[in-house]
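Right, one structure below, let's go through it.
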Amino acid sequence: MTRYVWRRLLMLVPLLVGITLVTFVLMNVIPGDPTISLMDPKRGQLDPQAAERIRERWGLNDPTYLQYLKFLYNAVRGDLGFSFRFNQPVTRIILERFPATLELGAAALAVATTIGVPGGIAAAVRQGGWIDASLMGFCVAGVSMPVFWLGLLLMYLFAVKLGGLPAGGYGSPAFLVLPSVTLGLSSMAMLSRMTRSAMLEVLRQDYIRTARSKGLAERVVIYKHALRNALVPMVTVMGVQAGWLLTGAVITENVFGWPGVGRLLVDCIGQRDLPVVQGCVLFTVGMFALVNLAVDVLYAYIDPRIRVER
Amino acid sequence: MEARWAGRRRGVWLVALLAVVLGVALVATSCTRSAGPPQAQQTRLTRVDLYGDPENLDPILKDKITALVLNSAIFEQLLNYDVVQKKLTPELATDWTVSPDGLTYTFKLHQGARFHNGREIKADDVKYSFERLLNPDNMSPLSSTLASIKGANDFAEKKATEVAGIKVTGPYSLTIELAEPDPTFLLRLTNICCSVVPKEEVQKLGADFGMKPVGSGPYRFDSWVKDSKVVLVANKDHWAGPPKTDVIETLIVKEAATRDAMFAAGQIDYMLLGDPQYLKYKNDPKWANNLVEVPELYTRHIAFNCQKPPFDNKLVRQAINYAIDRKTLVETLLQGKAYPATGLFPPSLMGYDPDLKGYPYDPEKAKALLKEAGYPKGFEFEVLCTSHPAWGSPAVEAIQPYLEAVGIKVNPVQVEWGVMIDRANAGDFQAYMYSVCGAVHPYDWLLLFHSKSFGGAGNRVRYSNSEVDRLVDQMKTTTDEGEMIRLAREAEKIIVDDAPWWFFNYNKAVIVHQPWVKGLIPNPVDMDYQPLDKLSVEGKP
């Protein structure tokens, strides 16, 4: 198992190099000058001499390939460089925002799991009944509704009309409620649909009939025999969703003014802050890969038939 | 039995993993949060930033409103510019004089003014701060602000170890000598980049000075959750007495609908309105009386390349000015959130001429002018523009039918802002649409039309009129304000008649506030640029 994990981690290296190269090329292809981040366009134009001096210091006058090699060389040594926008080390900028991202992602995942899994089970057990119909209808709505729209609806209802919850911002746990529900809902819908279909498939298996015919209580049949065997597809979905929730919450972060990594990335692309963009991309890809690795390792625990080692 | 135990253990393992992930998340985040609820007796004002995180609060590193608003409360300069009274007011300098030749400025400093670390501010600190701005090692994009000081260029090129023109003449007095007269020099000193900073803190904090700024202003920096919130607390020891509100909290929320919800829920005390939000508040009796409006110092326009046909002909440029109904466009396209332009200067600029009426909407006159200019059948031209709703492609599309009515076909070419400016500087355009210039002195506005500032220096339209040049040159050496305004108005009249631009509108900036917020001012430089130390909260529920 350890060898497997190490091998997977090692495979991350070419992936990360490749992805930073793609990012680098894309950021260099799109027009725009990073010095725009120093001044509002509204306030006029940067003094050309000062702008030139700053570009020189930022290394933007080097040949493009050299800029990338320098980045790689420093990145290998753990130095992701200095942000143009913030004049601060990139690592620090990302780490400052990571807690908020983790908090929102984890809370959304908790919302998705605690509602989605029991919901999916209930729907499967009562297939065709009113619980199933209404739950699956709700799920279709949850998957189809754009996040920003749902966010604004919740905000209007719970912050403006009913009051009690803050509309946006970051701080006490109360601030977490609306964004995590907004972000978690579509994952919840996905997860509960997946749970339902996995459970339905398992419930038709012979061993379930055997378990029932042995006279086991229905509760034991569902939770012990059926659910355990339905876990593999569910964990797969949870893994993919966790990857998304921990890295791709840009829209939710923007709607609720949540200070996470996704928003940082988008802002920095807009302002051509290449070092931070590279850092965020590395971070995002790394997170995604690690979550996927964790899921693969989990398979072995969930289903003893799966062997991760060759 | 064995198998059952193993299965249960795996289930426990899963639950434990989830719990650990959640636990780590919550602990990690709770550590980063600042202290608990505010004390009951404190007054707290919450504003919101539309554009994003201030990024860095070192006054010499940024010229972005997000940072400037906060820095104006944390730092102080020698002088301040009162945008409502349109005059200079003392800040760290109590007194200043200008020599008759306009070259030597003498400043007396406020005695007893202190940095937030308790140390008194002396004239040496001013010299240090100005040299810090000019020092090329500090990479300030704003160093040209003080470039007119004698010896500044030598210092910037490292030919001298100090700036020859800045002389400390006593603990509380200094003189500044300029290389050549600059009528805007005192105004330049009011820029945030000319703030006086404590040397010891700058050296101690290094690059972190921009993250934990230490100044001398009415507010101290307290805390900053990046991309979320900046908190300032009152400097009770400020020389002018403590400010009116104890805590100023700035929230960073870029989504307009979210700001609306937060404002409606009372989470925000005041906020700047975006264009699409304006009418909603204007038409709501609950908020209509809680709006503060101002024409900002920006003139939206289409700039014509005066050296290329057809716009090398003044009659053609005038014809376009007559051909479009700017008043209707302001009401429809911009939903009333602008003022139709009557000339170059917005009403809030020093020197604005209320008697100048500008171009009326007169398509017949436009046709006649085109005929006279030799374009009886009209022509076709391209306008470089951004996607900006008020001065970008939507506006160009809106004028298409007006110009078509007089036989002119206009094609918008949408590009990024930086690309547009590069091409405008290089003269590679027929016309472009833009919004300038934010300056509070008419001299800066008129420099955009001086024949010596072709290209990147500001005169991108390559407009040249010897009479305008003469008037602007004369302004440079004028110290009398009345005379200055007379010259400015005369130059403006000529420029408006020559019509190097299609004068479109002046931006109307609008703030909406809760009834309990007092002291907001109509600031034409940037509405968001409020004097935080003068704002108060009275009877907030």
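The values are calculated or read from the model by the stated rules, or taken from the named source; none is laboratory data. The structure presented is a predicted model; accordingly, all values stated were derived computationally and were not measured. With ideal geometry, Cβ positions are generated from the backbone for all residues, glycine too; neighbour counts draw on all protein chains shown.
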Selection over the range B:79-102 where residues are farther than 25 Å from residue B:509 by Cβ and out of contact with any Asp or Glu (no Cβ under 6 Å at 6 or more places or on another chain) yields a count of 11
Residues in the range B:401-420 that are within 14 Å of chain A (Cβ to nearest Cβ), in contact with a helix residue (DSSP H, G or I) (Cβ under 8 Å, 6 or more places away or on another chain) and either free of Cβ contacts under 8 Å to residues at least 24 places away in the same chain or outside any loop (DSSP other than H, G, I, E, B) (or both) total 3
Exclusive hit being assigned to a helix (DSSP H, G or I), touching a residue at least 40 places away in the same chain (Cβ under 8 Å) and more than 14 Å from chain B (Cβ to nearest Cβ), set A:10, A:16 | A:16
Using beta carbons and a limit of 7 Å, which pairs, at least six apart or on different chains, have the first residue in the range A:139-166 and in contact (Cβ under 8 Å) with a residue 12 or more places away in the chain and within 27 Å of residue A:122 (Cα to Cα) and the second one charged (D, E, K, R) and part of a helix (DSSP H, G or I)?
-> A:139/A:193
Given (1) within 11 Å of another protein chain (Cβ to nearest Cβ); (2) over 22 Å from the mean Cα position of the chain (by Cα); (3) at negative phi, where does residue A:119 come up short, assuming only one miss?
-> (1)
Only one residue in B:303, B:366, B:319, B:341 is in contact with a His (Cβ under 8 Å, 6 or more places away or on another chain) and modelled with pLDDT of 95 or more, so which one is that?
-> B:341
Every listed condition ((1) among the hydrophobic types (A, V, I, L, M, F, W, C); (2) within 29 Å of residue A:67 (Cβ to Cβ); (3) without any contact (Cβ under 8 Å) to a residue 40 or more places away in the chain) holds for residue A:208 save (2)
The range A:254-272, residues that are closer than 22 Å to residue A:23 by Cα and touching a helix residue (DSSP H, G or I) at 6+ places or on another chain (Cβ under 6 Å) = A:260, A:261, A:262, A:263, A:264, A:265, A:266, A:268, A:269, A:271, A:272
Conditions (1) touching a residue at least 40 places away in the same chain (Cβ under 8 Å); (2) of a type in the set (D, E, K, R); (3) more than 11 Å from every other protein chain (Cβ to nearest Cβ) -> residue A:253 fails only (3)
Out of the residues in the range B:228-269 that are outside any strand (DSSP E or B) and touching a Lys or Arg at 6+ places or on another chain (Cβ under 6 Å), state the one that is surrounded by the fewest Cβ atoms within 10 Å (Cβ to Cβ).
-> B:242
Quickly run through the range B:455-471 and pick out the residues that are away from every other protein chain (no Cβ under 14 Å) and either out of contact with any Leu (no Cβ under 6 Å at 6 or more places or on another chain) or modelled with pLDDT under 95 (or both).
-> B:461, B:462, B:463, B:464, B:465, B:466, B:467, B:468, B:469, B:470
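Condition check ((1) in contact with a Phe, Trp or Tyr (Cβ under 8 Å, 6 or more places away or on another chain); (2) among the aliphatic types (A, V, I, L, M); (3) closer than 21 Å to residue B:493 by Cβ) across all residues:
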residue: B:320; (1), (2), (3): yes, yes, yes
residue: B:325; (1), (2), (3): yes, no, no
residue: B:355; (1), (2), (3): no, no, yes
residue: B:359; (1), (2), (3): yes, no, yes
residue: B:365; (1), (2), (3): yes, no, yes
residue: B:373; (1), (2), (3): no, yes, no
residue: B:380; (1), (2), (3): no, no, no
Any idea which residue in the range A:51-109 is nearest to residue B:224 (Cα to Cα), counting only those that are β-branched (Val, Ile, Thr), more than 8 Å from chain B (Cβ to nearest Cβ) and buried (at least 18 other Cβ atoms within 10 Å of the Cβ)?
-> A:94
Of the numbered conditions (1) more than 7 Å from chain B (Cβ to nearest Cβ); (2) part of a loop (DSSP other than H, G, I, E, B); (3) surrounded by 15 or more Cβ atoms within 10 Å (Cβ to Cβ); (4) of a type outside the set (Asp, Glu), residue A:32 fails exactly one; give the number of that condition.
-> (1)
For residue B:496, work out the one condition from (1) of a type in the set (Val, Ile, Thr); (2) without any contact (Cβ under 8 Å) to a residue 60 or more places away in the chain; (3) over 27 Å from residue B:81 (Cα atoms) it doesn't fulfil.
-> (2)
The condition of being farther than 27 Å from residue A:35 by Cβ and in contact (Cβ under 8 Å) with a residue 40 or more places away in the chain holds, among B:429, B:503, B:449, only for B:503
Being within 23 Å of the chain's Cα centre (by Cα) and either in contact (Cβ under 8 Å) with a residue 12 or more places away in the chain or under 30 Å from residue A:301 (Cβ atoms) (or both) narrows it down to one of A:24, A:71, A:82, A:86, so name that one.
-> A:24
If you check residue B:253 against the conditions, is it in contact (Cβ under 8 Å) with a residue 40 or more places away in the chain and more than 8 Å from chain A (Cβ to nearest Cβ)?
-> no
Residues (under 13 Å from residue B:418 (Cα atoms), assigned to a loop (DSSP other than H, G, I, E, B) and touching a helix residue (DSSP H, G or I) at 6+ places or on another chain (Cβ under 6 Å)) located in the range A:41-69 = A:46
Test for residue B:280: is it surrounded by fewer than 20 Cβ atoms within 10 Å (Cβ to Cβ) and modelled with pLDDT of 95 or more | no
Check off (1) more than 30 Å from residue B:416 (Cα to Cα); (2) over 25 Å from the mean Cα position of the chain (by Cα); (3) surrounded by 21 or more Cβ atoms within 10 Å (Cβ to Cβ) for residue B:351 and give me the number that stays unchecked.
-> (2)
Residue selected from the range B:88-137 under the condition on the phi < 0 side of the Ramachandran plot and among the small types (Gly, Ala, Ser), by the criterion surrounded by the fewest Cβ atoms within 10 Å (Cβ to Cβ) | B:99
Scan the range B:276-309 for residues that are out of contact with any Pro (no Cβ under 6 Å at 6 or more places or on another chain) and acidic (Asp, Glu) and jot them down.
-> B:284, B:293
Counting only residues that are more than 11 Å from chain B (Cβ to nearest Cβ) and touching a Lys or Arg at 6+ places or on another chain (Cβ under 9 Å), how many does the range A:159-188 have?
-> 0
Residues of the range B:511-531 satisfying the condition of being touching a Lys or Arg at 6+ places or on another chain (Cβ under 7 Å) and of a type outside the set (Gly, Ala, Ser) = B:516
For the range B:497-538, which residues satisfy the criterion of being in contact with a Gly (Cβ under 8 Å, 6 or more places away or on another chain) and of a type in the set (Phe, Trp, Tyr)?
-> B:503, B:516
